[in-house]
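Colleague: Take this structure, written in structure tokens, and hold onto it; I'll ask about it next.
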Amino acid sequence: MARITASVYTSHVPAIGAAIDHGKTAEPYWQPVFAGYDFSKQWMKDNRPDLIFLVYNDHATAFSLEMIPTFAIGTAAEFKPADEGYGARPVPTVIGHPELASHIAQSVIQDDFDLTIVNKMDVDHGLTVPLSLMCGQPQAWPCPVIPFAVNVVQYPVPSGRRCFALGQAIRRAVESFDEPLKVQIWGTGGMSHQLQGPRAGLINAEWDNRFLDRLIADPAELSQVPHIEYVREAGSEGIELVMWLIARGAMADVAGGKPPVLRHRFFHVPASNTAVGHLILENPQ
Amino acid sequence: MALHKPYLDVPGTTIFDAEQSRRGYHLNQFCMSLMKAENRQRFKADERKYLDEWPMTEQQKQAVLARDLNRCMALGGNIYFLAKVGATDGLSFQQMAGSMTGMTEAEYRAMMIAGGRSPEGNRFVGEDGDAQAHRQPQGAAGQKG
């Protein structure tokens, strides 16, 4: 059967993608950001998965206001990097896994989560920046990716509690797939940031680090935190952090297994307008 | 019965909820159209003419022409959609975000490098943080006169 081997959490700031694409990673402003991912790139090589289930949000790219799905799973064979207004990022096309994606969709919908199934979409920086941070600049991404887009643009976004429960349903779906695939689940976005209004630029490093502590040690309690705390403490766009709870909910300990092993933790301010946070948690073998 | 909106007392912040989305539908869809290079060209060639193709309010059109992002947001705009206008102008997200604070680009960038804006005094309307209404505009612009 397929199984979830690890979860990865990272911010997906668009300026990080631009820094990579324009060869600026060694500049003094960016060097400390990318240094935080040196371990992660090696870890990816040493622990190459068969598939990445990548939780992210679309930023008015594939989804305009015509349709606003709360949870959307990409079931296509491939997904092209989107032109977000600056031209498409020069990164490889994302290869999907229609069989497992369709399997997960069926299982999770039967588990009472009403997913939107997407057979055609481009993917924006929310999905490609995490891949770049973890994999560098390869000719092709190391494995297929199932994009899983969450609405965090128009309120109300799904609650942390619901995201955490959805992660548990995704784990059950993965484990009922017959092929012996090693699957990583990634939760992306955040950490504290606000991109709008006179409060733009808000950063709350203390709250962010407590979020990381709680995500590692007590995600069930963390999942009870209401939206308004994210907005007040971590900025209006800090709400993206609910997506990390989907990945965390898919880990073995949530279903009675052993606690995950913390392989890497990183935090840095700033990348553009945003606090960068990053974790790698492995399920014990 | 009124909907529960606990986020209305966060200073300097407009939450893009269903009501704002309804108000800003055409404004945001106009922004979305700038994802296509040919539309960006047509918009740049004659902004007013291009805007008149959309059933937006006059206030919304004026706010776009003035690149007043705070006003655009009050009229239903969402920052991820408005960012398409900024991209058309060749601005970074940091430049766009900074423009809403009254700070210069250099002032805003320096604030971020120094650790960003503190949440202290900026959690609830009525406190005394730098995002509160009585402390706008920020930066040198707010110290003149």
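Colleague: Right, residue B:83: at the interface with chain A (Cβ under 8 Å from one of its Cβ atoms) and touching a Gly at 6+ places or on another chain (Cβ under 6 Å) or not?
Modeller: No, not satisfied.
Colleague: While we're on this one: Which residues, counting only those in segment B:1-58, are exposed (fewer than 15 other Cβ atoms within 10 Å of the Cβ) and of a type in the set (A, V, I, L, M)?
Modeller: Those that are exposed (fewer than 15 other Cβ atoms within 10 Å of the Cβ) and of a type in the set (A, V, I, L, M): B:1, B:2, B:3, B:8, B:18, B:37, B:45.
Colleague: Would you tally the residues in segment B:75-94 being in contact (Cβ under 8 Å) with a residue 12 or more places away in the chain and either surrounded by fewer than 17 Cβ atoms within 10 Å (Cβ to Cβ) or at positive phi (or both)?
Modeller: 2
Colleague: Just to be sure before I move on: is residue B:113 closer than 19 Å to residue A:193 by Cα, facing chain A (nearest Cβ under 7 Å) and surrounded by fewer than 17 Cβ atoms within 10 Å (Cβ to Cβ) in the structure I sent?
Modeller: Details: closer than 19 Å to residue A:193 by Cα: yes; facing chain A (nearest Cβ under 7 Å): yes; surrounded by fewer than 17 Cβ atoms within 10 Å (Cβ to Cβ): yes.
So residue B:113 fits the description; yes.
Colleague: Return the total of residues in segment A:132-157 being in a strand (DSSP E or B) and hydrophobic (A, V, I, L, M, F, W, C). Talk me through it step by step, then tell me what you get.
Modeller: First, pick out the residues of segment A:132-157 that are in a strand (DSSP E or B): A:145-150.
Among the residues that remain, those that are also hydrophobic (A, V, I, L, M, F, W, C) are: A:145-146, A:148-150.
Final tally of qualifying residues: 5.
Colleague: Give, as residue ranges, the helices (runs of 4 or more DSSP H) completely inside segment A:168-284 that count at least 1 residues that are under 21 Å from residue A:37 (Cβ atoms) and within 13 Å of another protein chain (Cβ to nearest Cβ).
Modeller: In segment A:168-284, A:205-217 are the helices (runs of 4 or more DSSP H) which contain 1 or more residues that are under 21 Å from residue A:37 (Cβ atoms) and within 13 Å of another protein chain (Cβ to nearest Cβ).
Colleague: Does residue B:123 satisfy the criteria of being touching a residue at least 60 places away in the same chain (Cβ under 8 Å), under 29 Å from residue A:126 (Cα atoms) and either surrounded by 15 or more Cβ atoms within 10 Å (Cβ to Cβ) or among the acidic types (Asp, Glu) (or both)?
Modeller: On the way: touching a residue at least 60 places away in the same chain (Cβ under 8 Å): yes; under 29 Å from residue A:126 (Cα atoms): yes; either surrounded by 15 or more Cβ atoms within 10 Å (Cβ to Cβ) or among the acidic types (Asp, Glu) (or both): yes.
Here the answer is yes, as residue B:123 does meet what is asked.
Colleague: Could you look through segment A:237-266, keep only residues that are among the charged types (D, E, K, R), surrounded by fewer than 24 Cβ atoms within 10 Å (Cβ to Cβ) and in contact with a Pro (Cβ under 9 Å, 6 or more places away or on another chain), and pick out the one that is farthest from residue B:12 (Cα to Cα)? Before you say what the answer is, go through the steps one by one.
Modeller: Residues of segment A:237-266 among the charged types (D, E, K, R): A:237, A:240, A:248, A:253, A:258, A:263, A:265.
With the extra rule that they be surrounded by fewer than 24 Cβ atoms within 10 Å (Cβ to Cβ), the set shrinks to A:253, A:258, A:263, A:265.
Cutting the leftovers down to in contact with a Pro (Cβ under 9 Å, 6 or more places away or on another chain) gives us A:253, A:258.
On the way: A:253: 40, A:258: 44 Å.
This residue is A:258.
Colleague: Okay, next question. Looking only at segment A:107-132, count every residue that is in contact with a strand residue (DSSP E or B) (Cβ under 6 Å, 6 or more places away or on another chain) and over 16 Å from residue A:71 (Cα atoms) and tell me the total.
Modeller: 2
Colleague: Under the condition of being of a type outside the set (A, V, I, L, M, F, W, C) and surrounded by 24 or more Cβ atoms within 10 Å (Cβ to Cβ), which residue from segment A:133-170 is nearest to residue A:228 (Cα to Cα)? Break it down into steps so the answer makes sense when it comes.
Modeller: We begin by selecting, within segment A:133-170, every residue of a type outside the set (A, V, I, L, M, F, W, C); these are A:136-139, A:142, A:144, A:147, A:151, A:154-156, A:158-162, A:167-168.
Those left that are additionally surrounded by 24 or more Cβ atoms within 10 Å (Cβ to Cβ): A:147, A:160, A:167.
Details: A:147: 27, A:160: 11, A:167: 22 Å.
Out of the qualifying residues, it is A:160.
Colleague: Report yes if residue A:118 is more than 26 Å from residue B:5 (Cα to Cα), of a type in the set (Val, Ile, Thr), touching an Asp or Glu at 6+ places or on another chain (Cβ under 8 Å) and in contact (Cβ under 8 Å) with a residue 12 or more places away in the chain, otherwise no.
Modeller: Details: more than 26 Å from residue B:5 (Cα to Cα): yes; of a type in the set (Val, Ile, Thr): yes; touching an Asp or Glu at 6+ places or on another chain (Cβ under 8 Å): no; in contact (Cβ under 8 Å) with a residue 12 or more places away in the chain: yes.
Criteria not met by residue A:118.
Colleague: Can you tell me which of A:169, A:88 is of a type in the set (Gly, Ala, Ser), over 16 Å from the mean Cα position of the chain (by Cα) and farther than 15 Å from residue A:58 by Cα? Write out each step before concluding.
Modeller: On the way: A:88 fails: farther than 15 Å from residue A:58 by Cα.
Just a single option satisfies the conditions, and that option is A:169.
None of the figures in this text is laboratory data; all of them are computed from the coordinates on show. What you are looking at is a predicted structure, and each value in this text was computed from that prediction instead of being measured. Cβ coordinates were reconstructed from backbone atoms using ideal geometry, including for glycine residues, and neighbour counts include every protein chain displayed.
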